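Student: Starting off with a structure, shown below.
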Amino acid sequence: MTLEELAGEQQAMGRMETAGSALEEVLSKALTHRSVTVGVYEAAKLLNVDPDNVVLCLLAADEEDDRDVALQIHFTLIQAFCCENDINILRVSNPGRLAELLLLGASGGAEQPADLHCVLVTNPHASQWKDPALSQLICFCRESRYMDQWVPVINLPER
């Protein structure tokens, strides 16, 4: 590995950590605005009805989910729809941490929905959301697309 490759890899890791922190902030604010949709089926319904109001799509899967063919087909269709409608997409590699952020992990599992594989963040109102963390995530997605990584994968920091 050359020095340039090592520096580039460290820069990418720093960008990913920053994106993970920004995602935590966006989800926290979106929850307070009640602008989060959880579940593949619910997300598909919202994307069908009001795709212009969706600002971010999160696809969460761990290594076990990567072997689920039906889920991967759903992800492919959602990704295609989001790309066609200019919706930023992120892939989250630790769904357990995502569940904690969505305040579902603390419910003891009784009320926790089984499907946390797709999460949509929408505008809380018709006006554009003026949030620095969301802007940072959008820039991260845009930079990733410039590097031919159309669905960037981030790892949410553990607490």
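Student: Would you pull out the residues with amide H under 5 Å of L156's amide H, same chain only if 5 or more places away, H placed 1.01 Å from N?
Tutor: Amide H to amide H, under 5 Å and 5 or more residues apart or across chains, L156 pairs with S93, N94.
Student: Rank-order 137-148, 59-70 by packing density, defined as the average count of other C-beta atoms within 10 Å over each peptide's residues, highest first.
Tutor: 137-148, 59-70
Student: How large is the Kirkwood hydrodynamic radius of segment 28-67, counting all unique pairs of alpha carbons, in Å?
Tutor: One decimal place: 11.7 Å for the Kirkwood radius.
Student: Need the full-extension length gain, S28 to Y41, defined as separation in residues times 0.36 nm minus the C-alpha distance. One decimal, nm.
Tutor: Once the chain is fully extended between S28 and Y41, it gains 2.4 nm.
Student: Grab the other residues whose beta carbon is less than 10 angstrom from that of P51, score K and R as +1, D and E as -1, and report the net.
Tutor: Value of the local net charge: -4.
Student: OK, next. Ordering K130, K29, K45 from largest to smallest accessible area (1.4 angstrom probe), what's the sequence?
Tutor: K130, K45, K29
Student: Quick one: what are the phi-derived ³J(HN,Hα) couplings along segment 44-49, Karplus 6.51/-1.76/1.60 with θ = phi - 60°, whole Hz, x for glycine and proline?
Tutor: Whole-Hz 3J(HN,Hα) from phi for segment 44-49: 4, 4, 5, 4, 6, 7.
Student: Moving on. Each residue of segment 29-42 in turn: what ³J(HN,Hα) in whole Hz from Karplus with 6.51, -1.76, 1.60 and θ = phi - 60°, glycine and Pro shown as x?
Tutor: 5, 5, 5, 5, 8, 6, 10, 10, 10, 10, x, 4, 5, 5
Student: Please list, in chain and number order, the residues 5+ apart from L56 or on another chain whose amide H is under 5 Å from its amide H, with Hs placed from the backbone.
Tutor: V121
Student: Same structure, new question: Per 0.36 nm of contour for each residue apart, how much would the distance between C139 and D86 grow if the chain were fully extended, relative to their Cα-Cα spacing?
Tutor: Between C139 and D86, full extension yields an extra 17.7 nm.
Student: Per residue of segment 134-146, what does 6.51 cos²θ - 1.76 cosθ + 1.60 with θ = phi - 60° give for ³J(HN,Hα)? Whole Hz please, x for Gly and Pro, Karplus curve as stated.
Tutor: Couplings: 5, 4, 5, 5, 4, 5, 4, 5, 5, 4, 5, 5, 4 Hz.
Student: Compute the length gained on full extension between Q149 and R67: take 0.36 nm times their separation in residues and subtract their Cα-Cα distance, giving the result in nm to one decimal.
Tutor: 27.4 nm
The values are calculated or read from the model by the stated rules, or taken from the named source; none is laboratory data. Here the structure is a predicted model, which is why all the values come from computation and not from measurement. No Cβ is skipped: glycine too gets one built from the backbone with ideal geometry, and neighbour counts run over all protein chains shown. Each accessible area value is taken on the protein alone, full model and side chains, heavy atoms only, with ligands, DNA and RNA left out. Shrake-Rupley method; radii C 1.70, N 1.55, O 1.52, S 1.80 Å.
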